[in-house]
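The values are calculated or read from the model by the stated rules, or taken from the named source; none is laboratory data. Worth saying up front: this structure is predicted, and the values here are computed from it rather than measured. Glycine gets a Cβ as well: all are built from the backbone with ideal geometry, and neighbour counts include every protein chain shown.
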Amino acid sequence: MKNIVIFGAPGSGKGTYSDEIVAKYGMGHISTGDVLRGEIKNGTELGKVAKGYIDNGQLIPDELMIDILAKTYDALPQGTGVIFDGFPRTIAQAEALKKMLAGRGHDMGMMIELVVDEETLMARLLNRAIEQGRADDNEETIKKRFEVYRNQTAPLSEWFENEGLRHTFTWKGSKDQMLAEIFEAIDAENN
Ligand code: ATP
Ligand code: MG
């Protein structure tokens, strides 16, 4: 399987679709948000640093994130393909990921972009706040995360397009439809 970068705003469904892709294709899955929340839960030094940024809706600094990503990647079994969920989020992270993979004889494979309007995103995240109680799922922090996404992460979409990797899927109200389109694109890439 080719590697996959899954890309989109907070609440766009990166984690949800990643789980579906993993269930169907048996790939590895790196969610940088989950990695960081695990560190916070375990009370590590890294977790303490990360918490300050996450609770403020800001990004963890690139150098730190790139280091975490490489360590997480190298700990996974090789050869099954990996989904990168929540990474890269900046151009610097994208360049670093490309270089890190090239150094191991691998590449990014394909990028899946999830496009969802902000009103839907906000509703989903406020609902998730009730269900999961994530500290950063409150209206004020969500607004900051949207702004960070618009300013720092969304410009990356074009970077992926220039790399010839981008596949865009726009939310039209049906998860099953979205999933069918995503599976079709993955199958076509791995024919
Ligand atoms: P969702 O999980 O619904 O897609 P999200 O994209 O906001 O929403 P996560 O990917 O779980 O959530 O990330 C949560 C927080 O963790 C981010 O707001 C950021 O502070 C930090 N984080 C995660 N990945 C990165 C990254 N690649 N670079 C910098 N910070 C990150
Ligand atoms: Mg997530």
Conditions (1) surrounded by 16 or more Cβ atoms within 10 Å (Cβ to Cβ); (2) touching a residue at least 24 places away in the same chain (Cβ under 8 Å); (3) over 16 Å from T16 (Cα atoms); (4) out of contact with any strand residue (DSSP E or B) (no Cβ under 6 Å at 6 or more places or on another chain): number failed by D137: (2)
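Residue-by-condition table, conditions (1) within 11 Å of ligand 1 (Cβ to nearest atom); (2) at pLDDT 95 or above; (3) in contact with a Pro (Cβ under 9 Å, 6 or more places away or on another chain):
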residue: K2; (1), (2), (3): no, yes, no
residue: A9; (1), (2), (3): yes, yes, no
residue: G13; (1), (2), (3): yes, yes, no
residue: R37; (1), (2), (3): yes, yes, no
residue: G43; (1), (2), (3): no, yes, no
residue: K51; (1), (2), (3): yes, yes, no
residue: M65; (1), (2), (3): yes, yes, yes
residue: K71; (1), (2), (3): no, yes, no
Only one of M111, M122 is at pLDDT 95 or above and outside any helix (DSSP H, G or I). Can you tell me which? M111
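Assess whether G33 counts as being touching a residue at least 40 places away in the same chain (Cβ under 8 Å), in contact with a Gly (Cβ under 7 Å, 6 or more places away or on another chain) and either over 22 Å from N190 (Cβ atoms) or away from ligand 2 (no atom under 16 Å from the Cβ) (or both). Walk me through it before giving the result.
Details: touching a residue at least 40 places away in the same chain (Cβ under 8 Å): yes; in contact with a Gly (Cβ under 7 Å, 6 or more places away or on another chain): yes; either over 22 Å from N190 (Cβ atoms) or away from ligand 2 (no atom under 16 Å from the Cβ) (or both): yes.
The answer is yes for G33.
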Cβ-Cβ under 6 Å, sequence separation 6+ or interchain: first residue in segment 64-93 and within 16 Å of D34 (Cβ to Cβ) and part of a helix (DSSP H, G or I), partner among the β-branched types (V, I, T) and within 15 Å of ligand 2 (Cβ to nearest atom). Which pairs? T72/I30; T72/V35
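Could you say which residue among I112, I130 is closer than 24 Å to Y25 by Cα and β-branched (V, I, T)?
Of the residues listed, the single one that is closer than 24 Å to Y25 by Cα and β-branched (V, I, T) is I112.
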What single numbered condition from (1) surrounded by fewer than 20 Cβ atoms within 10 Å (Cβ to Cβ); (2) farther than 20 Å from E163 by Cβ; (3) within 12 Å of ligand 1 (Cβ to nearest atom) fails to hold for A75? (3)
Where residues in segment 16-30 are surrounded by 18 or more Cβ atoms within 10 Å (Cβ to Cβ) and small (G, A, S), which of them is nearest to ligand 2 (Cβ to nearest atom)? S18
Tell me, yes or no, whether segment 131-153 has at least one residue that is part of a loop (DSSP other than H, G, I, E, B) and of a type in the set (D, E). yes
